[in-house]
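Read through the structure below, which is laid out as structure tokens, and then see the notes.
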Amino acid sequence: MSMRPSSIAFIGFGEAAQAFVEGWGDDRPGRIVAYDRKTDDPATRAAKLAEYQRFGVQHADTLAAALKGQDLIISVVTADQAMPAAEAAARVIDGQALFCDCNSVSPDTKRAAAEAIHAGGGQYADVAVMAPVRPGLNKVPILLSGPHAAVAAAALQAANFQKLRVVDGDIGAASSIKMLRSVMIKGVEALSAECFLAAIVAGVEKEVIASLNASEPGADWEARADYNLDRMMVHGLRRAAEMEEVVKTVDALGVGGVMSRATTERQRAIGALGATTPPEGLAAKAAFVLERLGRRL
């Protein structure tokens, strides 16, 4: 096992990075420094600085300051910023620093990011976070691939990540698994939202729920639909950004991302409604969504 790192740098300090730090608790791997571009914006700087303080993380005002002297770098940004983050890091990365790209992007994006990091002298690992970071925290399942995957797995394990697995294949293998899993996971979310919103408008939701439960013994479709809609309301915009990468993945494989494009549209529409704290229960959530969409019950 690798020695515990004395310092870790995060690029991005949103939900994922905060969940990892929270999971470490008092058993954290030395100094933690983070750079988040929200500190560049006067409108969001104070809130982000407060988050650094709450989690006991040292903030850096520039990416170069965050990465200076770092051996282990964890990139956890939004999908659209994954490539810019890698390119920016490549310009300031130190020596043989290990760049763990945990972002939900297509294999082609990961390969392009790896080229940038390698050109800057660093080592790159394709890292796929395979479940929501909450409630998993640092115990969330993580896959790694590429020539530096074993080194990265040892470093992350030493940093107190607890569910790591190296998969066969080069850079892009781990992200392929993540992307293609999302076809189903995010797709079912979008389908259940469409099904139950329509059923509630039609006044037949109880019959639809009973029919679905009967076809799948042990299922609780009301609870499942409630959870799915909750996730879309809170995280739909981020899920839509990930699904755009899923579309790229499926298209590049020659299959065609017809269903994934539709999922992207549905996730974005519900995520854009601004429900940061959804109401309790499927009926209340549906009423909120339908009203925001201009369809009153």
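The values are calculated or read from the model by the stated rules, or taken from the named source; none is laboratory data. Since we're looking at a predicted model, the values are computed, not measured. Methodologically, a virtual Cβ is constructed for each residue, glycine included, from the backbone with ideal geometry; neighbour enumeration extends over all protein chains shown.
Quick notes
- Test: ILE32 is touching a helix residue (DSSP H, G or I) at 6+ places or on another chain (Cβ under 9 Å) and either closer than 21 Å to VAL129 by Cα or outside the structural domain of ILE117 (by TED's automatic domain parsing) (or both): yes
- Of the residues in the stretch 161-178, not one is at pLDDT below 95, assigned to a helix (DSSP H, G or I) and either hydrophobic (A, V, I, L, M, F, W, C) or within 23 Å of ILE93 (Cα to Cα) (or both).
- Only listed residue being assigned by TED's automatic domain parsing to the domain that holds ALA240, modelled with pLDDT under 95 and either within 17 Å of VAL234 (Cβ to Cβ) or hydroxyl-bearing (Ser, Thr, Tyr) (or both), chosen from ALA284, ALA275: ALA275
- Residue in the stretch 210-230 that is surrounded by 13 or more Cβ atoms within 10 Å (Cβ to Cβ), at pLDDT 95 or above, assigned to a loop (DSSP other than H, G, I, E, B) and not assigned by TED's automatic domain parsing to the domain that holds GLU15 present: yes
- Here ALA158, ALA150 are screened, and the one residue that is in contact (Cβ under 8 Å) with a residue 12 or more places away in the chain, aliphatic (A, V, I, L, M), out of contact with any helix residue (DSSP H, G or I) (no Cβ under 8 Å at 6 or more places or on another chain) and surrounded by fewer than 14 Cβ atoms within 10 Å (Cβ to Cβ) is ALA150.
- Test: ALA64 is small (Gly, Ala, Ser), assigned by TED's automatic domain parsing to the domain that holds ALA112 and closer than 23 Å to SER6 by Cα: yes
- Test result for SER145, in the same structural domain as MET259 (by TED's automatic domain parsing) and of a type outside the set (Asp, Glu): no
- In the stretch 248-269, residue surrounded by the most Cβ atoms within 10 Å (Cβ to Cβ) [restricted to those that are under 18 Å from the mean Cα position of the chain (by Cα) and under 15 Å from LYS110 (Cα atoms)]: THR249
Residue-wise test of (1) buried (at least 21 other Cβ atoms within 10 Å of the Cβ); (2) in a strand (DSSP E or B); (3) in contact with a Pro (Cβ under 8 Å, 6 or more places away or on another chain); (4) of a type in the set (Phe, Trp, Tyr).
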| residue | (1), (2), (3), (4) |
| --- | --- |
| LYS48 | no, no, no, no |
| GLU51 | no, no, no, no |
| MET83 | no, no, no, no |
| ALA89 | yes, no, no, no |
| GLY95 | no, no, no, no |
| LYS110 | yes, no, no, no |
| ALA125 | yes, yes, no, no |
| ASN138 | yes, no, no, no |
